[in-house]
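A short write-up of the structure that comes next.
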Amino acid sequence: MSNIELTNSSNSGREMHVLHSMFVFVAARRIAFLVLSVAIVNLFFTKVLKIPKSEKKMFDECPWPFTIFHDPPKFIKDSATWVVVFWYGMCQIYSRVMKVRSAVPLP
């Protein structure tokens, strides 16, 4: 009986280790995509569109997610919106590529 309990407890410990490793991997991948999307959007806004940095203070305007309710054009032009769009897009593309790679065996 103690042998069975020992086997079950070692399996649950192994499962917890695998779940922890998967969580760390997924979180690290999403953080990497977020950092990459911030870099892409900042590069695009400063180098391609040549939009200067705002001189307004933090409390001079409405916070980013709430501008969609009263000023939708400003929401669309805000770089934070595009960071979220690129981040979501990269996560979706990555998940679809992984599904295709798992479905199609490579030689």
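Quick notes
- Any hit, segment 27-35, residues being assigned to a helix (DSSP H, G or I), β-branched (Val, Ile, Thr) and open to solvent by less than 80 Å² (accessible area, probe 1.4 Å): no
- Lone qualifier among Val85, Val100 - being β-branched (Val, Ile, Thr), modelled with pLDDT of 90 or more, under 20 Å from Arg29 (Cα atoms) and outside any loop (DSSP other than H, G, I, E, B): Val85
The values are calculated or read from the model by the stated rules, or taken from the named source; none is laboratory data. Bear in mind the structure is a predicted one, so any value in this text is a computation, not a measurement. Remember, those area values only see protein heavy atoms, side chains included, never the ligands or the DNA or RNA. Shrake-Rupley method; radii C 1.70, N 1.55, O 1.52, S 1.80 Å.
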